[in-house]
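A short reminder: the numbers here are calculations on the coordinates, not readings from a lab. The shown structure was predicted, so the numbers you read here are calculated from the model rather than taken from an experiment. Cβ coordinates were reconstructed from backbone atoms using ideal geometry, including for glycine residues, and neighbour counts include every protein chain displayed.
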Amino acid sequence: MERRDLDLRGLLIIFLVMTLLLFGYQVYILFFAPKTTPPPQERVEEGRKDAPSLLLGSTREGRKPQHLRTFDFEKFTLVLSEEGARVVSLVDKKYGKELITEQEKRLGIYPLELFTGNPEIDLLLNFSPYKIEVSGNQITAKLEGEGFEVVKKIEYKGDHFSLKLESKGLPPLYLSSGMRVQEDEFFTHAGPVFKVGDSLQRVEVKDIKGKEIVTGDIGFAGEESRYYFKGFSGKMSAVVIYRLEEKHTLTLVKPVGELNFYAGAKEYARLKDIELSDTIDFGSLRLLVKPLFLFMYWIYEHLNSWVFSILALTFIVRLLMFPLTYKSTVAMGKMAELAPKMQELKEKYKDNPAKFQEEMMKLYQEVGFNPMSGCLPILLQIPVFFALYKVLTITADLQLAKFLWVQSLAQKDPYYILPVLMGLTMVAQQFVSPSPEKSQNYIMIITSVVFTFLFASFPAGLVLYWTLNNVFNLGQTYIIKKLTFKGKPSRTQKKKKK
């Protein structure tokens, strides 16, 4: 087998590996990644009958909220119904997102509803008119009935709300977090999420059979989607998860003391202070994704720009890769010097492939050339690429991050300008550091075109990273070649002098 055939095969293998790894990773997450549903022994089976009824199917749907109170805060607009003091509308102003879903409105089931397990009492708690008073940022909703009293104290804290329940003459109360916001999941978890002790649990909707209850030392619980979370943090003794219809779930919690109520974007700056940062779905590559996310977020907080954060990450990655880039560039230079000698060997041993390979290896050892040195920089960047891919699909802030004509770095470039620029920078690398084999250059150009189409549907932030990476690589290669090979005669020139 000739060396040319080996080189072509090597390039094709690298291309196929990168492409298959990317799609293989998504297939793994979608079909084969370990599920985070709590093991059966952590479930309390008797909870199926002890969990409260939601009064669906006959009572709830026909009772729409009639008397509404609107509270306009700096970051949220909250609407409570006097009937049940329930949250019937909540808008995250920064993201312009209504967090109460059409499913909740259609079913008539809302966050902050109360349940005891007694349908008659629950009917009174959620559909009777409360007396609502306001003092500064605190809303107090009070209901008095025959032999019982319940008070909800909701206080706006800037990024979230605190909630304190006070009751007399009632059994222990369950509290509703509502249903998750419906949006494009994009290979992220969507459904119930909670933390029992140190164990983070993400439950798949399909694994819920009717209703399930989990007990223990629960730190937070609620419903999550790709960018949004609705639920509570604090001390809770139980979580009840209901499956409603085919694709929807509802989570109730049993509070122990005061809770933080959060419904909004999973923005790290908001979540970290109320111990909800684990609601950000770092995925199966958590050990790599989370440090990368925290590093990029730290830059974002200091520079207030995700573009600069991506730029800084690219610069640092290229800086760390510089030794390998240097070796790769020098190796390609040596390869160019070997071209005439390689051609001589091909002609000399065209009928003896084994001898040709033996002589080629001797030639490589003579000049210190490693055929794999050009592949290492690409291969080592694959984990960073996957981690960044995950970061850019879970970071809520990126929904608002703009770059020139791109209105959101979390979405694809609507005009496909960035993917084209990325493809052009890949082609440019073949001109700055061409292979002695023309056929290899043609293959890399074809690969660049394929990657342009492949990246066209990726988040613009990821395409921006790869484009900047190519630009930095071009600069590094150009400088290395100028400094290393400047004035240095090739092996052919040396032979002529002799």
From zero outward in steps of 10 Å, how is the percent of C-alpha pairs of the stretch 37-282 spread across the bins?
7, 35, 40, 17, 1, 0
Binned Cα-Cα distances of the stretch 184-227, short to long, each 5 Å bin given as a whole percent:
5, 20, 29, 24, 15, 5, 1
Per-selection metrics, the stretch 103-236 (Cα): Rg and Dmax in Å:
16.2, 50
If the label point sits 7 Å along Cα→Cβ of Glu74, residues of the stretch 275-293 with amide N under 13 Å come out as none
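For the stretch 100-194, state which GluC sites (Glu not before Pro) are in a DSSP loop and have at most 15 other beta carbons lying within 10 Å of their beta carbon.
Passing sites in the stretch 100-194 are Glu146, Glu183, Glu185.
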As straight-line cross-link partners of Lys211, the qualifying aspartates and glutamates (C-alpha separation under 17 Å, not fewer than 8 residues apart within one chain) are Glu42, Glu45, Glu46, Asp50, Glu223, Glu245, Glu246
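Longer than 30 Å from Cα to Cα, which of Lys97/Lys168; Lys94/Lys164; Lys209/Lys266; Lys206/Lys390; Lys97/Lys402; Lys93/Lys131 are they? Say none if no pair is. It would help to have the intermediate numbers written out before the result.
Numbers: Lys97/Lys168 36 Å; Lys94/Lys164 26 Å; Lys209/Lys266 28 Å; Lys206/Lys390 24 Å; Lys97/Lys402 18 Å; Lys93/Lys131 27 Å.
Violating the 30 Å limit, Cα to Cα: Lys97/Lys168.
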Give, in nm to one decimal, the length gained when the segment between Glu344 and Val450 is fully stretched (0.36 nm per residue of separation minus the Cα-Cα distance).
34.7 nm
Expressed in angstrom and rounded, the centroid-to-centroid distance over alpha carbons for the stretch 378-398 and the stretch 225-277 is 26
Residue by residue through the stretch 223-236, the couplings from Karplus 6.51 cos²θ - 1.76 cosθ + 1.60 with θ = phi - 60°, in Hz, x for Gly and Pro, are 10, 10, 10, 4, 10, 10, 9, 10, x, 9, 10, x, 9, 9
Net charge over other residues, Cβ less than 9 angstrom from the Cβ of Glu223 (K, R count +1; D, E count -1)
+1
How about the stretch 275-350: which trypsin sites (Lys or Arg not before Pro) there lie in a loop by DSSP and see at most 16 other Cβ atoms within 10 Å?
Lys350
Label points 7 Å out from Cα along the Cβ direction at Thr215 and Asn137: separation in nm?
3.7
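If contacts are Cα pairs under 8 angstrom and at least 6 residues apart, what is the relative contact order of the stretch 37-282 in percent? Provide the component values of the computation, followed by the final result.
Working: 588 pairs, mean separation 42.2, N = 246.
Across the stretch 37-282, relative contact order equals 17 percent.
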The stretch 298-363-the stretch 143-217 distance, computed between alpha-carbon centres (Å)
54
Under 5 Å between amide H atoms, partner at least 5 residues away or on a different chain: which partners does Ser89 have, H built in plane at 1.01 Å?
Val79
Spin-label pair Gln357/Val427, simplified geometry with 7 Å Cα→Cβ offset, distance in nm:
3.6
Quick one: what are the phi-derived ³J(HN,Hα) couplings along the stretch 253-269, Karplus 6.51/-1.76/1.60 with θ = phi - 60°, whole Hz, x for glycine and proline?
10, 9, x, 10, x, 6, 10, 9, 9, 10, 9, x, 5, 7, 8, 4, 4
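Would you mind calculating the gained length between Arg106 and Ala269 on full extension (0.36 nm times residue separation, minus the Cα-Cα distance), in nm to one decimal? Present the calculation step by step, with values, prior to reporting the outcome.
On the way: separation 163, 0.36 × 163 = 58.68 nm, distance 3.28 nm.
Taking 0.36 nm per residue and subtracting the Cα distance, the gain is 55.4 nm.
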I need the calculated FRET efficiency for the pair Ser58 and Glu149, taking r as the beta carbon distance and R₀ as 35 Å, to the nearest 0.05.
0.80
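If the chain between Lys482 and Ser128 were fully stretched, how many nm would it gain, using 0.36 nm times the residue separation less the Cα-Cα distance?
Details: separation 354, 0.36 × 354 = 127.44 nm, distance 8.03 nm.
Result for the pair: 119.4 nm of gain on full extension.
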Residue-ordered couplings for the stretch 120-132, obtained by feeding phi - 60° into the Karplus form 6.51 cos²θ - 1.76 cosθ + 1.60 and rounding to whole Hz (Gly and Pro as x), are 5, 5, 4, 4, 5, 5, 9, 10, 7, x, 9, 8, 10
FRET efficiency for Phe186 and Phe295, Cβ-Cβ distance as r, R0 = 22 Å, nearest 0.05?
0.50
